[in-house]
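The values are calculated or read from the model by the stated rules, or taken from the named source; none is laboratory data. Quick caveat, the model's predicted, so the values are computed rather than measured. Cβ sites come from the backbone with ideal geometry, for glycine too, and all protein chains shown count toward neighbours.
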Amino acid sequence: MLTSTYIHLAGITESLERQLWQQGAYDWRTLLETPNRWSIAEPYRTAVLQGAARSLDALEREDYAFFAGRLPVCEHWRALPEFQHRTAYLDIETDGSTTVTVIGVYDGTEVRQFVQGDNLDAFPDFIHQFALLVTFNGLHFDLPMLGHAFPHLVFDQLHIDLRPTLRRLGLRGGLKRIEQTLGLMRDPDIEGLDGWAAVRLWQAYRAGHTTALETLLRYNREDVVNLKPLAELAYQRLRARLLP
């Protein structure tokens with residue numbers, strides 16, 4: 001879907017983007033291979049042709065920042081397939097206040113977790129390898145909390161916040177409710193846990209109950225792993241709705 005996108009180019013509106021699709025310019029290569037085919041008035045014609053060439057070059061170089069800085073954040077979902085191999089599904093747990101206790105990151109294959117008092121400080125160096133972040137309510141919770149925990153950490157990646165993204169599809173409520181609506185199941189012994197339960201588990205761990213941390217990490221693991229099928233579902237449904 002990213003290679004069919006034009007709204008990140010200067011002056012190009014959603015209406016003009018749809019006009020290009022209706023003419024058959026479904027991707028940048030097609031547009032550039034037959035530049036005289038398209039009915040585009042100046043100055044938009046030059047903006048589209050030059051912008052498509054720059055976009056193609058940026059994608060070949062995997063320059064995610066090029067797209068993150070130009071594409072409206074609500075449209076970052078379009079980049080999921082192109083940057084799937086460098087996507088981090090991310091979720092944090094806290095102590096109920098301003099302290100981050102656990103950070104979970106799923107790269108589509110394995111889960112890496114960072115724990116307060118253990119290896120939390122390794123997170124900033126680790127996250128830099130990713131081009132795209134997927135969260136649930138991360139714009140308003142996870143990333144601001146991480147910014148507080150790591151003041152020098154800059155998130156310049158593309159970012160799909162699934163909460164507003166899924167809302168566009170009529171899927172509202174918290175992560176667990178949406179999972180249940182879509183039939184995504186969790187292990188029975190942690191199925192009823194929520195964010196406040198995660199706070200209590202951390203408190204129990206700090207009080208000396210080591211098994212509480214194991215449960216907390218399993219809960220966090222389910223959070224990040226389930227973000228992947230939700231992101232893929234959102235992408236497929238939004239793409240089907242958007243492209244003619």
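Tabulated values for the structure
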{"item": "Among (1) over 20 Å from A231 (Cα atoms); (2) touching a residue at least 12 places away in the same chain (Cβ under 8 Å) - the single one F83 does not satisfy", "result": "(1)"}
{"item": "Members of the range 164-181 that are under 18 Å from the mean Cα position of the chain (by Cα), part of a helix (DSSP H, G or I) and free of Cβ contacts under 8 Å to residues at least 24 places away in the same chain", "result": "R167, K176"}
{"item": "Selected residue (criterion: nearest to R200 (Cα to Cα)) from residues of the range 86-132 that are without any contact (Cβ under 8 Å) to a residue 12 or more places away in the chain and not small (G, A, S)", "result": "D118"}
{"item": "Top-ranked residue of the range 182-200 - restricted to ones that are part of a helix (DSSP H, G or I) and without any contact (Cβ under 8 Å) to a residue 40 or more places away in the chain, ranked as farthest from L227 (Cα to Cα)", "result": "R200"}
{"item": "Which listed residue, of R37, R86, is at pLDDT 95 or above, out of contact with any Leu (no Cβ under 6 Å at 6 or more places or on another chain) and of a type outside the set (V, I, T)", "result": "R86"}
{"item": "Among residues of the range 218-244, those that are under 21 Å from E93 (Cβ atoms) and either in contact with a strand residue (DSSP E or B) (Cβ under 6 Å, 6 or more places away or on another chain) or among the small types (G, A, S) (or both), counted", "result": "8"}
{"item": "Complete set of residues in the range 96-144 that are in contact with a Leu (Cβ under 8 Å, 6 or more places away or on another chain), part of a strand (DSSP E or B) and hydrophobic (A, V, I, L, M, F, W, C)", "result": "V100, V102, I103, V105, F114, V115, L132, L133, V134"}
{"item": "Breaking point among (1) in a helix (DSSP H, G or I); (2) out of contact with any Phe, Trp or Tyr (no Cβ under 9 Å at 6 or more places or on another chain); (3) in contact (Cβ under 8 Å) with a residue 40 or more places away in the chain; (4) within 19 Å of A234 (Cβ to Cβ), for H159", "result": "(1)"}
{"item": "All positions within the range 31-74 that are part of a helix (DSSP H, G or I), out of contact with any Phe, Trp or Tyr (no Cβ under 7 Å at 6 or more places or on another chain) and within 10 Å of L158 (Cα to Cα)", "result": "A65, F66, F67, A68, V73"}
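Each row is one residue, and each column tells you yes or no for (1) buried (at least 18 other Cβ atoms within 10 Å of the Cβ); (2) out of contact with any helix residue (DSSP H, G or I) (no Cβ under 7 Å at 6 or more places or on another chain); (3) outside the structural domain of D161 (by TED's automatic domain parsing).
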residue	(1), (2), (3)
I7	no, no, yes
Q23	no, yes, yes
T30	no, yes, yes
T34	no, yes, yes
A41	no, yes, yes
S55	yes, no, yes
P72	no, yes, yes
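Residues are listed down the side, and each one gets a yes or a no for (1) surrounded by fewer than 18 Cβ atoms within 10 Å (Cβ to Cβ); (2) modelled with pLDDT of 95 or more; (3) over 17 Å from Y64 (Cα atoms):
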{"position": "D118", "(1), (2), (3)": "yes, yes, yes"}
{"position": "D121", "(1), (2), (3)": "yes, yes, yes"}
{"position": "D125", "(1), (2), (3)": "yes, yes, yes"}
{"position": "F130", "(1), (2), (3)": "no, yes, no"}
{"position": "L133", "(1), (2), (3)": "no, yes, no"}
{"position": "L146", "(1), (2), (3)": "no, yes, yes"}
{"position": "P151", "(1), (2), (3)": "yes, yes, yes"}
